[in-house]
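Only one structure is covered here, and it is reproduced in the block below.
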Amino acid sequence: MNYDLTRRAFLRRSAFAASLAIVGRSQALRSLSAAEPPSLGDVVSVQGADRIAATRKGLELAGFASVVKQGAKVGLLINAPRWWTKPGSYTSPEIVLAVLDACLAQGASEITTVMNPAGDYFDRTRRSADFKTQIQAVRRNRGDWREVEIPKGKALKNARMNTSFFDCDVLINLPIAKHHAGTGFSGALKNVMGACHSSTNRFFHNGSGASSDYDDVEFLSQCIADVNLVRKPDLIVCDATEFLLTNGPAGPGELAHANKVLVGRNPVAVDAHGCTLVGRKPEEVGMIVKAAAHGIGRMEDGLRPREVVL
């Protein structure tokens with residue numbers, strides 16, 4: 001794929017860089033505009049020690065301004081429930097802070113967490129002190145649920161999901177790429193389980209008659225692929241900075257420090273690239289293969305990411 005900038009794109013990005021120096025970060029973010037947003041299959045991989053800077057760059061290159069518009073209601077699906085506390089098991093709060101800041105700079109009218117993160121989540125980074133206004137703007141979901149049918153689901157025909165998953169104009173999936181003892185890998189596709197009621201998630205694990213959570217990984221993988229038919233995210237911002245290579249999803253385990261943030265619009269493509277960071281091939285991860293078979297995305301798109309090093 002040819003990523004050479006057109007003259008128009010070059011001028012717009014040059015103007016953005018100049019505005020950073022003149023009017024400051026937040027105001028400049030309001031002028032972010034990709035001349036031609038990437039296709040749904042594109043994956044941007046930004047590597048850098050500063051997670052907030054890497055996330056901002058990924059959002060810029062992924063055409064964030066075309067995703068979140070003035071007045072939009074945004075839902076954030078963050079992989080940071082109260083039971084994930086070990087290093088490398090939850091999405092970095094710094095990545096979420098950068099997304100929050102960008103949403104508000106674009107004029108989002110409402111930001112709601114689809115799965116409410118742990119109460120101390122943002123306190124896990126010292127940089128939260130610089131984002132108090134952004135954190136205060138976030139609304140926690142009210143715990144309301146909706147039954148939905150999945151006519152094209154092969155293993156999962158209906159699901160009970162949080163209403164905030166549907167009641168937003170823009171859905172941003174914020175997973176972490178990490179090892180998983182059952183499916184082998186956890187990323188954007190599996191993170192949608194965070195929008196599901198515990199009764200639905202129990203069916204994922206035991207609905208086939210399996211006696212334990214990972215007795216029937218084939219069935220679990222198909223359920224994950226099926227639930228991703230309900231709604232595709234408008235954007236995925238995947239944490240691949242520090243993550244589990246073993247003993248996932250909860251840890252503790254061996255950690256990798258790739259210092260990468262993956263941004264894309266298709267969960268199959270993002271996961272196809274993300275799984276390679278934990279030593280897996282996309283064709284070895286059942287939920288990726290099954291989601292691709294559903295037509296949700298193409299695995300091969302994730303193997304050709306646009307890579308940027310800060």
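A few notes on this one:
- When THR55, THR85 are checked against the criterion of being surrounded by fewer than 19 Cβ atoms within 10 Å (Cβ to Cβ) and either in contact with a helix residue (DSSP H, G or I) (Cβ under 8 Å, 6 or more places away or on another chain) or of a type in the set (Ser, Thr, Tyr) (or both), a single residue qualifies: THR85.
- Among the candidates ALA118, ALA102, residue that is aliphatic (A, V, I, L, M) and in a loop (DSSP other than H, G, I, E, B): ALA118
- Hits in region 126-156 (condition: in contact (Cβ under 8 Å) with a residue 12 or more places away in the chain and touching a strand residue (DSSP E or B) at 6+ places or on another chain (Cβ under 8 Å)): ALA137, VAL138, ARG139, ARG140, ASN141, GLY143, ASP144, TRP145, ARG146, GLU147, VAL148, ILE150
- Verdict on SER89 being more than 16 Å from LEU235 (Cα to Cα) and either in contact with a Lys or Arg (Cβ under 8 Å, 6 or more places away or on another chain) or touching a residue at least 24 places away in the same chain (Cβ under 8 Å) (or both): yes
- Filtered by the rule that a residue be on the phi > 0 side of the Ramachandran plot and either surrounded by fewer than 17 Cβ atoms within 10 Å (Cβ to Cβ) or without any contact (Cβ under 8 Å) to a residue 12 or more places away in the chain (or both), region 250-284 gives a lone residue, GLY279.
- Matching residues in region 215-240 - criterion: being closer than 30 Å to ARG56 by Cα and touching a His at 6+ places or on another chain (Cβ under 7 Å): ALA225, LEU229
- If the condition is being small (Gly, Ala, Ser) and in contact with an Asp or Glu (Cβ under 9 Å, 6 or more places away or on another chain), then region 110-157 contributes SER128, ALA137, GLY153, ALA155.
- Residue that is surrounded by the most Cβ atoms within 10 Å (Cβ to Cβ) [pool: residues in region 289-310 that are closer than 25 Å to PHE64 by Cβ and among the aliphatic types (A, V, I, L, M)]: ALA291
- Output for region 123-142, where each listed residue is at pLDDT 95 or above and either within 20 Å of CYS168 (Cβ to Cβ) or aliphatic (A, V, I, L, M) (or both): ALA129, GLN134, ILE135, GLN136, ALA137, VAL138, ARG139, ARG140, ASN141
- Hits in region 65-80 (condition: hydrophobic (A, V, I, L, M, F, W, C) and under 21 Å from SER164 (Cα atoms)): VAL67, VAL68, ALA72, VAL74, LEU76, LEU77, ILE78, ALA80
- For region 290-310, a residue qualifies if it is in contact (Cβ under 8 Å) with a residue 60 or more places away in the chain, of a type outside the set (D, E, K, R) and closer than 12 Å to LEU189 by Cα, and the qualifying residues are ALA291, ILE296, GLY297.
- The residues of region 97-125 that are in contact (Cβ under 8 Å) with a residue 40 or more places away in the chain and in contact with a Ser or Thr (Cβ under 6 Å, 6 or more places away or on another chain), listed by number, are ALA98, ALA105, THR112, VAL114.
The values are calculated or read from the model by the stated rules, or taken from the named source; none is laboratory data. As the structure is a computational prediction, the values presented were derived from the model and not from experiment. So basically every Cβ, Gly included, is an ideal-geometry build from the backbone, and we count neighbours across all protein chains shown.
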